[in-house]
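Engineer: First, the structure itself, so that you have it in front of you.
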Amino acid sequence: MTPTGVESASNTAQRDFDAIIVGSGAGGGACAYALTRRQLKVLVLEAGPRFDPARDYPLSGADWETRSFPAPEGSRWEITLVAGETLDPAYSRLRSWNHLRGELTEGDQREFGEYLHVRGVGGSTLHFTGEAHRLHPAAMKMYSRFGVAADWPIDYAELEPYYLAAERLIGAAGKADEGARWRSGPYPLPAHPLSFASRRIVAASRELGWVPNPLGVLSQPFDGRPGCNYCNQCNRGCPRGDKASVEVTFLRQALASGFCVLQSGAQVLRLETGDDERIRRVIYAEGTGAEQACSAPVVMLCGGAVQTPRLLLASTGTHAREGLGNESGQVGRNFMETVFQATAALAREPLGTWRGLPSDIISWAFNAPDGIAGATGGCRLMPFTSSMDLAGPIAYATRVVGGWGKKHRERVAEVFGRAIALGGIAECLPHPQAYVDLDPWRRDRHGMPLARLHLHLDAEAARRQDFMAKKIAEVFSAMNVEAIIERLGSYDTIAASHVFGTCRMGATARDSVVDRHCRSHRWRNLFIVDASVFPSSGGGEAPSLTIEALGLRAADFVADSLARREL
């Protein structure tokens with residue numbers, strides 16, 4: 001093994017491993033860390049590349065604003081999308097809009113913006129804002145309480161110790177004041193100080209119960225990593241390592257243990273089964289396209305809610321004619337996307353909104369499943385200025401200030417730092433018309449069918465978005481802003497960052513894909529640990545911490561089962 005824990009495909013094919021982990025995001029990283037802590041030998045197969053923070057996230061350069069999160073070759077999955085659903089004119093006020101350009105979408109159907117993901121070592125935690133949220137306990141019992149979605153086969157109390165363990169590993173910063181989310185121990189780091197802009201939001205709308213947003217961003221040096229410098233550009237990649245993306249937390253620890261090998265540029269093509277209800281071989285393609293095979297007593301899929309069902313559906317054979325693990329017909333079903341709404345305004349006073357953290361405060365006031373009158377499913381509110389990319393002068397010159405020439409330049413200088421945005425993310429409920437399947441015509445360079453997304457947001461989702469938009473408008477009214485300048489939302493634009501549900505966790509094989517330990521109901525050594533197992537999405541919580549907690553819990557079960565020779 002090299003010092004970095006990376007080996008070539010020819011070497012890994014000859015090694016003996018206790019577990020093969022497919023994907024190196026939140027689930028894969030947490031599983032690798034927990035298994036190596038038990039001195040089990042782990043191979044992590046990652047389809048994408050490794051990112052170099054110094055090279056790929058050059059935020060100190062004068063051209064920083066022209067650089068979004070990097071997309072080198074092989075760092076994005078190719079997907080296809082079925083045409084979006086027809087928009088309801090009754091909610092035309094939710095359409096994406098800019099005060100200079102007018103409506104940003106055309107026609108009467110939802111348009112595809114972007115599926116915000118990263119195919120690479122660390123997964124989508126590389127560009128996330130670092131939010132470290134626990135799921136609202138009531139959101140885990142949506143079916144028994146409200147007759148929608150499905151109940152989690154575990155409860156908050158079972159997951160709580162693993163939440164705490166994940167927080168302690170990543171150096172989560174927060175304040176123990178989150179209502180229903182009770183804790184058995186404190187956050188390892190204190191909450192971040194609030195930016196001036198966030199203090200103005202709090203002062204104008206105290207009734208919303210704003211609290212410091214729990215963040216996997218270091219508020220002080222921790223575990224050899226520096227504290228945050230508050231550059232406000234988490235979504236462009238963190239060059240310092242203070243944001244708790246998986247490659248500098250779970251994977252760094254796993255690789256340092258000496259029990260983990262990471263193979264990047266290794267796309268898994270299919271899983272092969274035997275007659276004993278077990279996965280026998282994992283077939284993957286290395287960078288040259290040549291196929292390799294490896295095997296281990298345990299296989300853990302951690303590819304996310306789009307690529308995990310794609311791999312299972314593509315792994316057909318004598319034992320799995322409709323796709324691996326699809327005995328219930330649920331693989332790919334119950335797809336839940338990001339239901340969001342965001343509005344930007346121009347304040348009357350300088351706020352310095354280019355600095356701070358993207359979302360340093362949060363309101364959980366409407367987060368419970370019954371938190372929104374007239375709709376099932378809650379939401380949360382938070383600052384959204386950085387997420388709307390309104391922190392630099394180019395954005396002001398093109399989206400905030402109209403005109404041209406000297407007066408335009410002077411007006412940009414005058415209002416710079418006054419653009420402020422608020423956003424909300426709400427529950428997404430599963431719908432029969434929302435699912436992932438295989439594109440029957442399009443394939444990737446390895447001949448594997450592409451994942452195809454079928455999306456659907458119903459009228460109740462529109463009501464949640466309308467509720468968030470109205471609450472944001474109330475905050476801006478209380479702040480006496482000068483003007484509303486932009487509105488974005490999932491009503492007419494598909495821009496999913498959090499996706500869930502395509503390999504649902506459940507108590508029975510009849511209506512779910514994996515059990516309470518994230519193990520396939522049929523295939524004894526197959527585990528799925530990513531957001532695809534979520535039976536419900538929660539009321540807007542970021543999913544990474546819950547995925548990591550599930551990973552730690554599933555890895556404990558795997559390690560105990562291997563010790564008892566039950567796998």
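The values are calculated or read from the model by the stated rules, or taken from the named source; none is laboratory data. Nothing here was measured: the structure is a model prediction, and the numbers come from that model. Glycine gets a Cβ as well: all are built from the backbone with ideal geometry, and neighbour counts include every protein chain shown.
Engineer: So which of A314, A293 ends up being farther than 20 Å from R504 by Cα, surrounded by fewer than 24 Cβ atoms within 10 Å (Cβ to Cβ) and at pLDDT 95 or above?
Structural biologist: Criteria check complete, one pass: A293.
Engineer: Still on this model: Of the residues L215, L135, which is on the phi < 0 side of the Ramachandran plot and in contact with a His (Cβ under 8 Å, 6 or more places away or on another chain)?
Structural biologist: Checking each option against the conditions leaves just L215.
Engineer: Quick check on my filter: what residues within the stretch 33-86 are more than 12 Å from L126 (Cβ to Cβ), among the hydroxyl-bearing types (S, T, Y) and surrounded by 17 or more Cβ atoms within 10 Å (Cβ to Cβ)?
Structural biologist: If the condition is that a residue be more than 12 Å from L126 (Cβ to Cβ), among the hydroxyl-bearing types (S, T, Y) and surrounded by 17 or more Cβ atoms within 10 Å (Cβ to Cβ), then Y33, T36 are the ones that fit.
So that you can scan it fast, the table gives a plain yes or no per residue for (1) buried (at least 22 other Cβ atoms within 10 Å of the Cβ); (2) touching a residue at least 12 places away in the same chain (Cβ under 8 Å); (3) not polar (S, T, N, Q):
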position: G216; (1), (2), (3): yes, yes, yes
position: F222; (1), (2), (3): no, yes, yes
position: S257; (1), (2), (3): no, yes, no
position: V261; (1), (2), (3): yes, yes, yes
position: S264; (1), (2), (3): no, yes, no
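Engineer: When R380 is evaluated against the numbered criteria (1) in contact with a Ser or Thr (Cβ under 9 Å, 6 or more places away or on another chain); (2) farther than 30 Å from W77 by Cα; (3) of a type in the set (D, E, K, R), which criterion, by number, is the only one it fails?
Structural biologist: (2)
Engineer: Could you tell me whether D439 is within 30 Å of Y284 (Cβ to Cβ), surrounded by fewer than 21 Cβ atoms within 10 Å (Cβ to Cβ), acidic (D, E) and in contact (Cβ under 8 Å) with a residue 12 or more places away in the chain?
Structural biologist: Judged against the criteria, D439 is a match.
Engineer: Now for a separate question. Test S537 against the criterion of being in a loop (DSSP other than H, G, I, E, B), crowded, with 24+ Cβ neighbours inside 10 Å and in contact with a Cys (Cβ under 7 Å, 6 or more places away or on another chain), and give yes or no.
Structural biologist: Here the answer is yes, as S537 does meet what is asked.
Engineer: Further question: What is the one condition in (1) more than 30 Å from A204 (Cα to Cα); (2) hydroxyl-bearing (S, T, Y); (3) without any contact (Cβ under 8 Å) to a residue 24 or more places away in the chain that Y284 does not satisfy?
Structural biologist: Evaluating Y284 over (1) more than 30 Å from A204 (Cα to Cα); (2) hydroxyl-bearing (S, T, Y); (3) without any contact (Cβ under 8 Å) to a residue 24 or more places away in the chain leaves (3) as the failure.
Engineer: One residue is enough: does the stretch 343-362 have a residue meeting the conditions under 30 Å from R519 (Cβ atoms), over 22 Å from the mean Cα position of the chain (by Cα) and either crowded, with 24+ Cβ neighbours inside 10 Å or among the small types (G, A, S) (or both)?
Structural biologist: Checking the stretch 343-362: not a single residue is under 30 Å from R519 (Cβ atoms), over 22 Å from the mean Cα position of the chain (by Cα) and either crowded, with 24+ Cβ neighbours inside 10 Å or among the small types (G, A, S) (or both).
Engineer: Considering only the stretch 61-77, I want to know if a residue exists there that is assigned to a helix (DSSP H, G or I), without any contact (Cβ under 8 Å) to a residue 60 or more places away in the chain and not charged (D, E, K, R).
Structural biologist: No, the stretch 61-77 contains no residue that is assigned to a helix (DSSP H, G or I), without any contact (Cβ under 8 Å) to a residue 60 or more places away in the chain and not charged (D, E, K, R).
Engineer: Can we say A344 is touching a Gly at 6+ places or on another chain (Cβ under 8 Å) and outside any loop (DSSP other than H, G, I, E, B)?
Structural biologist: no
Engineer: Could you give every pair whose Cβ atoms fall below 9 Å, whose first residue belongs to the stretch 304-332 and is free of Cβ contacts under 8 Å to residues at least 40 places away in the same chain and over 20 Å from T80 (Cβ atoms), and whose second residue is in a loop (DSSP other than H, G, I, E, B) and aliphatic (A, V, I, L, M), counting only separations of at least 6 or pairs across chains?
Structural biologist: E322/V331
Engineer: I'm trying to understand the selection: among the residues of the stretch 97-126, which are part of a loop (DSSP other than H, G, I, E, B) and within 29 Å of L545 (Cβ to Cβ)?
Structural biologist: G113, E114, Y115, L116, H117, V118, R119, G120, V121, G122
Engineer: Of all residues in the stretch 499-514, which are of a type in the set (V, I, T), surrounded by 24 or more Cβ atoms within 10 Å (Cβ to Cβ) and part of a loop (DSSP other than H, G, I, E, B)?
Structural biologist: Listed by number, the residues that qualify are V499, T502, V513.
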